[in-house]
Amino acid sequence: MKLFEEAFLKAGLVSSDQLQAKQNQEKAELERQQAIQKKEQEEQKENFRKQENQYNCFDALFSSKQKFVLHLIHAFIPTVKVIPWEPNQSKDCKCCICSTPLISQLEILEKSGDASQVMVEDICRSVGNNPMMPEERTEKYKKIFGDRKLGVMSNESTAVFCKPCIQTFVEWVFVSAFRHHAVRNTIQHLQQSTINKRYGN
């Protein structure tokens, strides 16, 4: 590439200023890409730390309220028992784990037009080499949905989860099956109940 640039310069097809400007632009783009990559790596590390902290929270909850956690396992495992939360179906409007306010699928659909505008803006800016930064994107969605998270529930419990917590809870349950006898026994019982229902035993 450098040989071509030198040839164009000697031939007078480009000026040294144009060549320098192009090199500066390429350097700036490379630095921008590196900054984005570094930020993504930091976010991945932060997400891993958050997950570890969430696992620790469930461990602590299991130690202090074992019966409640086993009830949640019975009610929400397997995940086919998990259904969307609706305000008229439960008096609780906060996650039973993190106390985050909940939002229903219906309300998300009602606000989907505003959210779509953010998505379109994000795509257009990406095409124009001016992508929307994660913080800006989050802030725009926050203005639409607030601090609420999608809620889920089960017909077998009055407890409700936010979507991130139910995902972490399911992961924690299967990881904990190797560490806690009570969790393992509960899962085995649920598996046996499923088999009995399927085959009419």
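Gain on full extension, evaluated as 0.36 nm per residue between Glu136 and Glu110 minus their Cα-Cα distance, stands at 7.1 nm.
Site pair Lys143 and Asp17 shows an inter-label distance of 4.0 nm when each label is modelled 7 Å from Cα along Cα→Cβ.
May I ask you to derive the FRET efficiency for Ile36 and Ser63 from their Cβ-Cβ distance with R0 = 35 Å, giving the value to the nearest 0.05?
Working: r = 41 Å, r/R0 = 1.16.
So, using R0 = 35 Å, E works out to roughly 0.30.
If R0 is taken as 45 Å, the Cβ-Cβ distance between Val120 and Glu156 corresponds to a FRET efficiency of 0.65.
FYI, it's all coordinate maths here, none of it is from the lab. The shown structure was predicted, so the numbers you read here are calculated from the model rather than taken from an experiment. For neighbour counting, all protein chains shown are included, and Cβ atoms are generated from backbone atoms with ideal geometry for every residue, glycine included.
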